[in-house]
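The values are calculated or read from the model by the stated rules, or taken from the named source; none is laboratory data. Keep in mind that what you see is a predicted model, and the values were worked out from it rather than measured. With ideal geometry, Cβ positions are generated from the backbone for all residues, glycine too; neighbour counts draw on all protein chains shown. Each accessible area value is taken on the protein alone, full model and side chains, heavy atoms only, with ligands, DNA and RNA left out. Shrake-Rupley method; radii C 1.70, N 1.55, O 1.52, S 1.80 Å.
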Amino acid sequence: MGTASTPPRKSPPKRGAPKSPLGIHQATVCVVCDRVIIGEEKVCNISTKRLEENRHRISVVAYDEFYRKPLHPLLVEQYSVEGLDGLLLSPRAYRE
């Protein structure tokens with residue numbers, strides 16, 4: 001009985017996960033929806049300019065106007081990112 005040789009499996013492509021000088025892993029998280037990005041799809045970056053262009057969709061003011069009630073201040077604090085005041089963004093997302 002002969003043995004069949006199978007080619008080695010290829011590793012999934014590297015997706016450019018952030019490299020920390022301390023060797024700490026940081027999962028790839030979407031800055032808009034705050035979800036971990038998994039799978040083998042290409043991870044795309046979004047510019048600060050594009051986020052600002054969508055302020056009318058992803059801001060605290062947009063939330064308050066759409067739902068006709070204010071967002072709890074603790075949530076506003078938890079989903080704020082330095083330099084992009086007033087936008088609801090994930091602080092867990094990698095930024096350059």
**Study point:** the range 57-73, residues that are of a type outside the set (Gly, Ala, Ser) and assigned to a helix (DSSP H, G or I)
**Key:** 57, 58, 60, 61, 63, 64, 65, 66, 67, 73
Revision key, fill the gap. Note on the range 30-68: residues modelled with pLDDT under 95, over 20 Å from residue 91 (Cβ atoms) and open to solvent by less than 60 Å² (accessible area, probe 1.4 Å) are 39
Check your understanding: In the range 75-96, which residues are over 16 Å from the mean Cα position of the chain (by Cα) and open to solvent by 90 Å² or more (accessible area, probe 1.4 Å)?
Key -> 77, 85
Revision key, fill the gap. With the first residue restricted to the range 71-95 and required to be under 16 Å from residue 48 (Cα atoms), and the second required to be of a type outside the set (S, T, N, Q) and open to solvent by 100 Å² or more (accessible area, probe 1.4 Å), Cβ contacts under 8 Å at 6 or more apart or on different chains are 81/95
